[in-house]
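Data block below; observations after.
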Amino acid sequence: MRKVFIAGNWKMNMTHLETMKFLEEFGFKFGNKNKCDIAVCPPFTALRSAMTVINDDNLEIKLGAQNMYFETKGAFTGEISPDMLKALNVEYVILGHSERRQYFNETDKLINKKVKAVFENKLKPILCIGETIDIRESGREKEFVIGQLTDCLDSVDREDIVNITIAYEPIWAIGTGKTATSEDANNMCSAIRAKIAELYSSDVANAVRIQYGGSVKPSNISELMNMPDIDGALVGGASLKADDFLAIINY
Ligand code: 13P
């Protein structure tokens, strides 16, 4: 049985003070009775403050980062290492988000190095893959997404892979208010699981959690979560308001 995993990707939003306010409000309303895994992924500058509130208030919320560099230390101005994240109790690292691919030219090859570095450092990747509207309209979406998956997982060990979360995020559904239909989203998540079974084994594929992301909100979460191959959500905009994020968690 895969445990549901709901994560909030805050993107470039929230100062450290806003983060503390959010987590205090969230923690107060949430009451530590979660039946699913929950993570928030604030900007790097807010991780330390988030860790403090999570520890002080004993919240059952995990911390995630939105990116990480694959080297351990050195002359890489502006980058963040695995050790820096581990020192802040970070457990998850979002990798390969479409915004990083689009605005910062991240390629599957680079993302693959990061996936391996995340595992070497006993962190857990949330690997994002998804197609553009042009690719979907041309009917090549499965081929494209499975290609991204295969390249990003190149030579990743079997023992590690059970700890990965795959986030299927069709780019045309991100921040647009357009959600993939739950059938389309589930279809792609099934194809992803089938490919993991082919690359590793069906046991591994059955253990890996696959999230859907793209305009997830309180009104569409139940339908998505009713689908057999969708194990959770990577939520952008709706994770920035404590009430909306709570409503999603309590779907
Ligand atoms: P929205 O929920 O704002 O569409 O963002 C989705 C996303 O990109 C999460 O990583």
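Before moving on, here are some points about what is shown:
- Test: residue in the stretch 18-36 that is at pLDDT below 95, touching a strand residue (DSSP E or B) at 6+ places or on another chain (Cβ under 7 Å) and more than 16 Å from the ligand (Cβ to nearest atom): yes
- Among the residues here, residue 145 does not qualify as β-branched (Val, Ile, Thr) and either more than 26 Å from residue 221 (Cβ to Cβ) or without any contact (Cβ under 8 Å) to a residue 24 or more places away in the chain (or both).
- Set 194, 185, 180, 167: member being touching a Cys at 6+ places or on another chain (Cβ under 6 Å) and on the phi < 0 side of the Ramachandran plot: 167
- Scanning the stretch 155-185 for residues that are in contact (Cβ under 8 Å) with a residue 12 or more places away in the chain and surrounded by fewer than 15 Cβ atoms within 10 Å (Cβ to Cβ) yields 155, 157, 158, 175, 176, 177, 178, 183.
- Complete set of residues in the stretch 208-239 that are more than 8 Å from the ligand (Cβ to nearest atom), under 19 Å from residue 125 (Cα atoms) and of a type in the set (Val, Ile, Thr): 208, 210, 230
- Matching residues, the stretch 176-188, being out of contact with any strand residue (DSSP E or B) (no Cβ under 9 Å at 6 or more places or on another chain) and either of a type in the set (Val, Ile, Thr) or part of a helix (DSSP H, G or I) (or both): 176, 181, 183, 184, 187
- Number of positions in the stretch 54-77 that are under 25 Å from residue 169 (Cβ atoms), of a type in the set (Gly, Ala, Ser) and not in a strand (DSSP E or B): 0
The values are calculated or read from the model by the stated rules, or taken from the named source; none is laboratory data. A quick note: this is a predicted structure, and the numbers were derived from the prediction, not measured. Positions of Cβ are generated from backbone atoms using ideal geometry, with glycine treated the same way; all protein chains shown enter the neighbour counts.
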